[in-house]
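I have placed the structure first, in the form of structure tokens, so that the comments after it can refer back to it.
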Ligand SMILES: C[S@@+](CC[C@H](N)C(=O)[O-])C[C@H]1O[C@@H](n2cnc3c(N)ncnc32)[C@H](O)[C@@H]1O
């Protein structure tokens, strides 16, 4: 038998005694804001420790990807500050995905953005990364029935499917050599469905030593993309990194080979 939850809620709302009992019941079983404060405090300590293990002590080796659970918790806790802009890339990519799309996420890292931003509307997401530790972490912490995580070198191995509606390449192209990225962009261009969109992001300007190529300006990024795609749109955004005076400039792109697809995504 299907329970009509909205009807029950309406009935409880409409009766002062039932409403007070429901309120007291919720507090008794699930706790008050005091419990929330305590739980948040515990979680805050936990995520600070996750951050230290990953970045400071490097217990899983030198990190090439972020554990987004730390910043997502900071967002919940109201401490992310301007770090919120590091999530722009995920919203921009998610906006492109349509119901039932097949998505490829190249260099998926910990899979946190794959699961939260790319999988909800997609029919299926193939999420690939060259690092065993990334795939292991993603499969353990960010699994979903419509995501297949796979260890794969995007330069030298074939993609899991021949075509995709959306291909996401967030924060990864700088980790490829110039030759490697030219090869991977060529593969992406031929794997894009006729009305497909290729989107992604990378920092502009100086970067860490695990970056194998650096884009001095947004135009450098545009030129590289224009070698493989008929239509290229780019833009950039500057934001300060948390706990640092350094400002990050992030370049974003959307590319297609089909006519009109990028215009459809523009605001009218
Ligand atoms: C900075 S992380 C970005 C992770 C995630 N996309 C995000 O936006 O947070 C870059 C990822 O690219 C992966 N990567 C580097 N070279 C690769 C290659 N040849 N094939 C697949 N993944 C690669 C790295 O292992 C790393 O996890």
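Where the second residue is more than 7 Å from the ligand (Cβ to nearest atom) and not in a helix (DSSP H, G or I) and the first is on the phi > 0 side of the Ramachandran plot and lies in the range 104-128, which pairs have Cβ atoms under 7 Å and are six or more apart or on separate chains? Within 7 Å, the pairs are 107/169; 111/127; 111/142; 111/149. Listed by position, the helices (runs of 4 or more DSSP H) enclosed by the range 1-103 that each have at least 3 residues that are over 29 Å from residue 115 (Cβ atoms) are 5-13, 16-30. Restricting attention to the range 110-125, the residues that are buried (at least 22 other Cβ atoms within 10 Å of the Cβ) and not in a helix (DSSP H, G or I) add up to 5.
Looking at 174, 258, 180, just one residue is out of contact with any helix residue (DSSP H, G or I) (no Cβ under 7 Å at 6 or more places or on another chain), over 30 Å from residue 51 (Cβ atoms) and surrounded by 14 or more Cβ atoms within 10 Å (Cβ to Cβ), and that residue is 258. Does the range 212-220 contain at least one residue that is out of contact with any strand residue (DSSP E or B) (no Cβ under 7 Å at 6 or more places or on another chain), within 9 Å of the ligand (Cβ to nearest atom) and in the same structural domain as residue 153 (by TED's automatic domain parsing)? There is at least one residue in the range 212-220 that is out of contact with any strand residue (DSSP E or B) (no Cβ under 7 Å at 6 or more places or on another chain), within 9 Å of the ligand (Cβ to nearest atom) and in the same structural domain as residue 153 (by TED's automatic domain parsing). Could you tell me whether any residue of the range 37-49 is exposed (fewer than 12 other Cβ atoms within 10 Å of the Cβ) and under 23 Å from residue 169 (Cβ atoms)? No.
Of all residues in the range 92-115 being under 25 Å from residue 233 (Cα atoms) and out of contact with any strand residue (DSSP E or B) (no Cβ under 8 Å at 6 or more places or on another chain), which is nearest to the ligand (Cβ to nearest atom)? So, considering only residues that are under 25 Å from residue 233 (Cα atoms) and out of contact with any strand residue (DSSP E or B) (no Cβ under 8 Å at 6 or more places or on another chain), the one nearest to the ligand (Cβ to nearest atom) is 94.
Select from the range 184-211 the residues that are closer than 20 Å to residue 258 by Cβ, surrounded by 19 or more Cβ atoms within 10 Å (Cβ to Cβ) and away from the ligand (no atom under 13 Å from the Cβ) and list them in ascending order. Correct list: 189, 192, 196, 197, 198.
The number of residues in the range 139-183 being near the ligand (Cβ under 9 Å from one of its atoms) and under 19 Å from residue 97 (Cβ atoms) comes to 5.
The values are calculated or read from the model by the stated rules, or taken from the named source; none is laboratory data. Given the structure is predicted, the values throughout are model-derived calculations rather than measurements. As a convention, Cβ positions derive from the backbone with ideal geometry for all residues, glycine included, and neighbour counts pool all protein chains shown.
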